[in-house]
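Quick notes on the structure that follows.
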Amino acid sequence: MNPTPARIPAPTPARIPARIAVIGAGPGGLTCARILQRHGIDATVYDLDASATARDQGGTLDMHPDTGQHALRAAGLWDDFAALARPEGDQWRLAGRDGRITFDAAAPQGGQGNPEIDRGQLRDLLIGSLAPGTVQWGHKLDHAEPLGDGRHRLHFTHGRTADADLVIGADGAWSRVRPLVSDAVPVYTGVTFVETGLNDADTRHPELAALTGDGTLMALDDNLGIVAQRNSGGHIRVYVGMRTPEDWYGREGVDLTNPRAVRDALLERFADWSPVLRGFITDTDTGYVNRPLLALPVPHAWNHTDGVTLLGDAAHLMSPFSGMGANLAMRDGADLARALIDHAALDDAVAAYEKLLLPRSVDAAEGAAGALDGAFAVDSAEQILAHMTAHH
């Protein structure tokens, strides 16, 4: 679905036209550009990917009311989102290592809850809502050179440059914009996911599909876990998690390019888990991808710097167990756009935005770190069951 790109004039303070550069075409950066364009403010998005379809965008997202849903409404995309979303995907199940369901919360009815959407569908929706040419593909930022007075020259790896009055770092964990305001770098959380997946799951893997249900299944116990997540098109994305050294495969002599070796190493760790849960490991249709979980130090804050700011993972990379990453990025993008609309001076807008962003980021990151520690602990099964029971 491609909404008609819209420029809806709105009363804004008198301003000198500014060159706004968004680095990264993720949910947060695209949301920011979309809302700015709705209010007649130009922005250019630069992304390292060769095209919108150059790589898989990952699993499914649940949109929360005060973050992701808020941003979609501000972007004028709520109805288009609702046509794509899967409200039934907001189902949560817990299972023990024996494969028995210990908790099952059906998706809320009547439009409540956190409807799911595939990351790729959400990105396509946002890209399709922008004016043609807004996203400049194949532009990997090498560095941003300060020119004075808050201006920066963007140097891309293919040799081209562009000047900007405001650089918005929406470029993820290894942001090339972040060094302009902060020395912080992501660190390993102690937990690694190995991603795999099931295709046409209801037909090819009916037992695992039935166990997963319509949303997300989690089995977590004694520093190990299996998370199975429904995507559209009959696909189930699976994350096999473990608290382990980051170089676990090197220590164990496992060649990550050898699917059989990875499978056997995982099966050894899950040797006393039920055969049905081990099926999420053995029955892969997609192979295995090693994904160590990284996070920025908490708290991550920076002194205000003229002409540059951050949003999303560039500002507050955190554990996916918060369920807040993309949601927060989109709320960041919406709040930054609103500040730019409401303030004539770029510096005032960025200062107002960061006053909202930084405290919220600290709270969310602390919560995410706590959630990950609880999910991958000796008594994780008891902790997660208590948490889910209390919140449903």
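Any idea which of 294, 311 is touching a residue at least 40 places away in the same chain (Cβ under 8 Å) and farther than 30 Å from residue 259 by Cβ?
Matching residue, one of 294, 311: 311.
Of the residues making up region 55-65, at least one is loosely packed, with under 15 Cβ neighbours inside 10 Å, at pLDDT below 95 and either in contact with a Gly (Cβ under 6 Å, 6 or more places away or on another chain) or not acidic (Asp, Glu) (or both). Among the residues making up region 66-98, a single one is of a type in the set (Asp, Glu) and crowded, with 21+ Cβ neighbours inside 10 Å: 90. Could you check region 67-91 and list, in sequence order, the residues that are touching a Leu at 6+ places or on another chain (Cβ under 8 Å) and among the hydrophobic types (A, V, I, L, M, F, W, C)? Once the filter is applied, which keeps residues that are touching a Leu at 6+ places or on another chain (Cβ under 8 Å) and among the hydrophobic types (A, V, I, L, M, F, W, C), region 67-91 yields 75, 77, 78, 81, 84.
On the stretch given as region 144-179, residues that are of a type in the set (Val, Ile, Thr), part of a loop (DSSP other than H, G, I, E, B) and surrounded by fewer than 22 Cβ atoms within 10 Å (Cβ to Cβ) total 1. Scanning region 285-320 for residues that are assigned by TED's automatic domain parsing to the domain that holds residue 259 and at positive phi yields a count of 1.
Got at least one residue in region 103-125 being outside any helix (DSSP H, G or I), in contact with a Leu (Cβ under 7 Å, 6 or more places away or on another chain), of a type in the set (D, E, K, R) and surrounded by fewer than 20 Cβ atoms within 10 Å (Cβ to Cβ)? No, every residue in region 103-125 fails to be outside any helix (DSSP H, G or I), in contact with a Leu (Cβ under 7 Å, 6 or more places away or on another chain), of a type in the set (D, E, K, R) and surrounded by fewer than 20 Cβ atoms within 10 Å (Cβ to Cβ). Taken over region 226-280, the criterion of being among the aromatic types (Phe, Trp, Tyr) and touching a strand residue (DSSP E or B) at 6+ places or on another chain (Cβ under 7 Å) is satisfied by 239, 248, 249, 270, 280.
The values are calculated or read from the model by the stated rules, or taken from the named source; none is laboratory data. As the structure is a computational prediction, the values presented were derived from the model and not from experiment. As a convention, Cβ positions derive from the backbone with ideal geometry for all residues, glycine included, and neighbour counts pool all protein chains shown.
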